[in-house]
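Structure record follows, encoded as structure tokens.
Please treat every number below as a calculation from the coordinates, not as lab data. These numbers were taken from a predicted model, which means no experiment stands behind them. Cβ coordinates were reconstructed from backbone atoms using ideal geometry, including for glycine residues, and neighbour counts include every protein chain displayed.
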Amino acid sequence: MERANTACNAISEYAWESKSFNKFDLQKAVYSEIRVRFNLSAQMTVRCLGKVADGYTLDTQCKRVFKEHGAIAYDERILRYRTEKRVISLWTLEGRITVPFVCGERQLELLAYQKGESDLAYVRGKWYLLATCDLPDPTEDEVEKFLGIDRGVINLATDSDGAQYQGAAVENKRLWYAKRRKKLQRTGTKSAKRRLRQMNHKQARYQTDVNHCISKQLVQSAKRTKRGVALEDLKGISLRTRVRREDRAARGNWSFEQLGFFIVYKAHLYGVPTRPTPRSAAPPVDISRRRTARVKLNSFA
């Protein structure tokens with residue numbers, strides 16, 4: 001990983017100086033030199049060239065610098081999954097090695113549809129593979145009735161059966177983190193700043209988990225009762241409504257769009273039809289069937 005990212009920085013240096021950001025142009029110019037200089041395999045060299053070219057896709061206004069432990073993409077030529085034995089075979093500087101992996105049963109099912117590249121990531125001292133899985137489209141159920149779903153701030157979701165999913169826990173968590181951040185920022189010591197970094201994104205991850213749980217329960221309820229899902233259209237609600245000053249933080253923290261996205265993509269995953277409510281003319285969201293299976297590598301020994 002360190003060698004590959006060092007190679008990426010060398011390629012990026014050439015790309016920036018020559019103003020050549022196309023993958024094929026870079027490959028023609030520096031492929032042989034990079035492969036010999038950094039002692040990489042042919043395919044790993046190609047993947048490094050692709051990583052640099054992808055880095056300049058957004059814009060070419062600043063030079064891209066790659067971190068020492070940034071994720072590296074592997075394809076089927078330098079990585080192979082053996083799900084029946086729960087091991088992978090991948091290329092390293094010392095040659096091919098076989099490494100066992102662990103994952104949940106759901107991730108193991110997804111790996112049957114693994115396709116394309118996988119990202120090798122080093123996260124907090126542990127190795128992970130992020131595998132792209134291309135699932136086949138399910139046949140949508142034919143339904144006559146729909147489960148209506150309203151989204152709100154107090155009750156994150158309320159369905160037409162009367163079930164409510166309250167947001168009190170999310171609001172309490174937001175208030176706790178806001179109070180804690182304020183106190184640490186006032187302290188300003190090195191340990192306080194370290195604690196602030198540790199808290200980074202924790203509240204967002206908690207809310208994402210809550211939205212995942214709520215959306216899964218709603219979709220499973222619709223699937224069990226052989227109904228579709230009808231979502232309330234909230235497009236432009238932030239522009240249409242005014243909020244009191246003391247309620248602005250709670251309103252700004254309202255993740256209704258993420259919850260709606262989770263509901264739609266999970267419904268598509270289970271073959272449950274979705275549509276907006278009658279007062280909305282917006283078309284259903286088109287959700288890709290591409291998923292990511294995250295597996296943890298046990299050891300490189």
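Kindly identify the range 105-247 as rounded, prolate or oblate by the Cα gyration tensor criterion: order the square roots of the eigenvalues as a ≥ b ≥ c, call it rounded if a/c is under 1.5, otherwise compare a/b with b/c, prolate if a/b is larger, else oblate.
Values: a/c = 2.70, a/b = 1.18, b/c = 2.28.
Oblate.
I'd like to compare 7-16, 166-175: which one has the highest average count of other Cβ atoms within 10 Å, and what's the full order after that?
On the way: 7-16: 20.6, 166-175: 15.4.
By packing density, highest mean first, the sequence is 7-16, 166-175.
Report, for the chain, the % of DSSP beta bridges that are antiparallel, rounded to 5. Before the final figure, lay out the partial values.
Working: 36 of 43 bridges.
Of those bridges, close to 85 percent are antiparallel.
Assuming a ≥ b ≥ c are the square roots of the Cα gyration tensor eigenvalues, decide whether the range 98-184 counts as rounded (a/c under 1.5), prolate (otherwise, with a/b larger than b/c) or oblate.
Details: a/c = 3.59, a/b = 1.18, b/c = 3.05.
Because a/c hits 1.5 or more and a/b fails to exceed b/c, the range 98-184 counts as oblate.
What is the range 2-70 by shape, rounded, prolate or oblate, if you read a ≥ b ≥ c off the alpha carbon gyration tensor as root eigenvalues and call it rounded for a/c under 1.5, prolate for a/b larger than b/c, and oblate otherwise? Display every interim value, and only then the final one.
Numbers: a/c = 1.79, a/b = 1.28, b/c = 1.39.
Because a/c hits 1.5 or more and a/b fails to exceed b/c, the range 2-70 counts as oblate.
Provide the convex hull volume over Cα atoms per residue for the chain, in Å³.
Numbers: hull volume 60.2 nm³, N = 301.
That works out to 200 Å³ per residue.
Provide, in order from the shortest bin, the percent of all Cα-Cα pairs of the range 37-102 in each 10 Å bin, continuing until the bin that contains the maximum pair distance.
P(r) for the range 37-102, in whole percents per bin: 17, 42, 28, 11, 1.
On a straight-distance basis, which aspartates and glutamates could pair with residue 173 in a cross-link, Cα separation under 20 angstrom, same-chain partners fewer than 8 positions away excluded?
Leaving aside aspartates and glutamates fewer than 8 places away in the same chain, those within reach of residue 173 are 209, 246, 247, 257.
Quick one: check the C-alpha center-to-center distance for the range 48-89 versus the range 145-175, whole angstrom.
Cα centroid to Cα centroid, the span is 39 Å.
Which links in 51/202; 115/202; 67/126 stretch past 22 Å when you go from one Cα to the other? Write down the numbers at each step before the final one.
Numbers: 51/202 29 Å; 115/202 31 Å; 67/126 17 Å.
In this structure, 51/202; 115/202 exceed 22 Å between Cα atoms.
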